[in-house]
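K.L.:
Okay, handing you the structure first.
The values are calculated or read from the model by the stated rules, or taken from the named source; none is laboratory data. Keep in mind the model is a prediction, meaning the values are calculated, not measured. With ideal geometry, Cβ positions are generated from the backbone for all residues, glycine too; neighbour counts draw on all protein chains shown.
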Amino acid sequence: MTAVYRSAAGAAAVRERYDALLDRWPVPSERRFGAHDVLLDQRDAAAKLREALPGADVRLAGDAGHFLPGWAGSVVPFLEGARP
């Protein structure tokens, strides 16, 4: 884990940059979060992303932590639909 993620100031800087990008996000989005992540508060992240990108497909995996084993198959239809 890098020092930037360990420091409150570093985490705030990352969030600030992330929020600025979301304001002008032009593409369809799908995001999966693990409800039992011990590294990040994914429930909060999912809620914030739903608010920032109302059209995004945001799902919270109740049976997953930081990694989402078995969820790759759910992303394939999204990617196939995003092809030009």
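K.L.:
Contact list please: Cβ distance under 6 Å, first residue in region 34-56 and on the phi < 0 side of the Ramachandran plot, second residue assigned to a loop (DSSP other than H, G, I, E, B) and among the hydroxyl-bearing types (Ser, Thr, Tyr), pairs at least six apart or on different chains.
P.N.:
LEU53/SER29; ALA56/SER29
K.L.:
Residue under question is VAL75, and the condition is that it be β-branched (Val, Ile, Thr) and either exposed (fewer than 14 other Cβ atoms within 10 Å of the Cβ) or touching an Asp or Glu at 6+ places or on another chain (Cβ under 6 Å) (or both); does it hold?
P.N.:
Values: β-branched (Val, Ile, Thr): yes; either exposed (fewer than 14 other Cβ atoms within 10 Å of the Cβ) or touching an Asp or Glu at 6+ places or on another chain (Cβ under 6 Å) (or both): no.
Answer is no for this residue.
K.L.:
Among the residues of region 1-39 satisfying the criterion of being hydrophobic (A, V, I, L, M, F, W, C), in contact with a helix residue (DSSP H, G or I) (Cβ under 9 Å, 6 or more places away or on another chain) and modelled with pLDDT of 80 or more, which is nearest to VAL75 (Cα to Cα)?
P.N.:
So in region 1-39, the residues hydrophobic (A, V, I, L, M, F, W, C) come out as 1, 3-4, 8-9, 11-14, 20-22, 25, 27, 33, 35, 38-39.
Cutting the leftovers down to in contact with a helix residue (DSSP H, G or I) (Cβ under 9 Å, 6 or more places away or on another chain) gives us 3-4, 11, 13-14, 22, 25, 33, 35, 39.
Narrowing the set further to residues that are modelled with pLDDT of 80 or more leaves 33, 35, 39.
Details: PHE33: 13, ALA35: 18, LEU39: 23 Å.
The qualifying residue nearest to VAL75 (Cα to Cα) is PHE33.
K.L.:
Filter region 26-84 for residues that are closer than 23 Å to ARG15 by Cα and of a type in the set (Val, Ile, Thr) and give the result.
P.N.:
If the condition is that a residue be closer than 23 Å to ARG15 by Cα and of a type in the set (Val, Ile, Thr), then VAL27, VAL38, VAL58 are the ones that fit.
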